1. Go through (1) within 18 Å of the chain's Cα centre (by Cα); (2) under 16 Å from Gly22 (Cβ atoms); (3) free of Cβ contacts under 8 Å to residues at least 60 places away in the same chain for Phe225 and report which single condition fails.
2. I want to confirm something. Restricting to region 251-280 and keeping residues that are within 24 Å of Gln42 (Cβ to Cβ) and touching a residue at least 12 places away in the same chain (Cβ under 8 Å), which single residue is nearest to the chain's Cα centre (by Cα)?
3. Count, please, the residues in region 151-201 that happen to be farther than 30 Å from Ala118 by Cβ and outside any loop (DSSP other than H, G, I, E, B).
4. How about region 86-114: which of its residues are open to solvent by 20 Å² or more (accessible area, probe 1.4 Å) and among the β-branched types (Val, Ile, Thr)?
5. Can you list residue pairs whose Cβ atoms sit under 6 Å apart, with the first residue in region 3-17 being β-branched (Val, Ile, Thr) and the second being modelled with pLDDT of 85 or more and open to solvent by less than 60 Å² (accessible area, probe 1.4 Å)? Count only pairs 6 or more apart in sequence or on different chains.
6. If Val80 satisfies every condition in (1) surrounded by fewer than 16 Cβ atoms within 10 Å (Cβ to Cβ); (2) within 30 Å of Ile259 (Cα to Cα); (3) of a type outside the set (Gly, Ala, Ser) but one, which is the exception?
7. Would you list the helices (runs of 4 or more DSSP H) that sit entirely within region 1-113 and hold 3 or more residues that are within 24 Å of Ile236 (Cα to Cα) and of a type in the set (A, V, I, L, M, F, W, C)?
Amino acid sequence: MSLDSGQAILFAVALFAAAVNGALGYGFSSLTVPIALLFVPQKVLSPALVLVELAINSWVVLHNRGSLAVVRRRAFPILVGLVPGILLGSYLLNSANPGVLKFWTYVVLLPLILLQAAGVRRPIHAERAAGLPLGLGVGVLYSTTTISGPPLAMMFNNQGLHKEEFRAALGTVRVVETALTAAVYGCLGLFSSQSMHLVVPLAPAVLLGLPLGSYLIRYMQSETFRRICMSFDAWIVGFGLSRTIIELKLLGASAAYGIWGAVIIFDLYLLYQYFVMGRFRARGASVVPTNAAELPVRRVAGL
């Protein structure tokens, strides 16, 4: 793929991903990385995305600054765990085999995205105790892939934070992780001219996409929008995983693409559950209380 065509694709993907980030408060890297990895090495892509995400996350924090005081203590254990995680992940990015690193990126990312697409909610009672290992894992994941939105979103969604608190908590953690990762990348000399060249299509896409997403989400239910975006992401990650398996010669083409097919079938089932079965459950819930309320009235009238 030529550089110009690659930049055009990257701009289009980043524009869509930035719109999702503007609407939900996360999703830029988890949508951009799976597609960009098909034609850009991770060691080149990650430093460029870190610089762009530092601006994105600062924007999210600025727009939700009114809730920062509420979420600061809840985010602190995660921030502590980020430091060793980022150091370890940056070392892996600098030294690991690119193909193997890409494979594990897809393997870790796929179940996290499917859990988001399924709308899983499991509140964590020992939140502070869970924050440290979560921060460690997120630090490793982010510094190797620039992806941390899915696990952090699951954590804060599960804890029942309001919309502004959710975005403020997410933005706080992500500003710190991007700043620390950029500093470590700089010490390791990972900011190459190739990485800086990728900022050219990414920066204008972000400037256009963030306000566009903030505007569009006013006319759509955030949960519906999130599920559609995560479903799209699952299809892309499944395809990337299949391609990487073929490149590493772990399976034949038919078996590898069979994994992608299984991901698509499972995701279609999740969409069916949400859009079709969810409506039936909502209708049933609205009918039952009405009948139950009418029963006592009819008995009294009969007396």
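The values are calculated or read from the model by the stated rules, or taken from the named source; none is laboratory data. Here the structure is a predicted model, which means the values were calculated and not measured. As a convention, Cβ positions derive from the backbone with ideal geometry for all residues, glycine included, and neighbour counts pool all protein chains shown. Quick note on the areas: whole protein, heavy atoms, side chains included, nothing else; ligands and nucleic acids left out. Shrake-Rupley method; radii C 1.70, N 1.55, O 1.52, S 1.80 Å.
1. Condition (3) is where Phe225 drops out.
2. Val263
3. Count: 18.
4. Val100, Val107, Val108
5. These pairs meet every condition: Val13/Thr32.
6. Exception for Val80: condition (2).
7. 3-24, 28-36, 42-63
Here is a yes/no grid of residues against (1) surrounded by fewer than 24 Cβ atoms within 10 Å (Cβ to Cβ); (2) in contact with a Pro (Cβ under 6 Å, 6 or more places away or on another chain); (3) at positive phi:
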{"residue": "Ala17", "(1), (2), (3)": "no, no, no"}
{"residue": "Asn21", "(1), (2), (3)": "no, no, no"}
{"residue": "Gly25", "(1), (2), (3)": "no, no, yes"}
{"residue": "Ala48", "(1), (2), (3)": "no, no, no"}
{"residue": "Leu54", "(1), (2), (3)": "yes, no, no"}
{"residue": "Arg65", "(1), (2), (3)": "yes, no, no"}
{"residue": "Ala69", "(1), (2), (3)": "yes, no, no"}
{"residue": "Pro84", "(1), (2), (3)": "yes, no, no"}
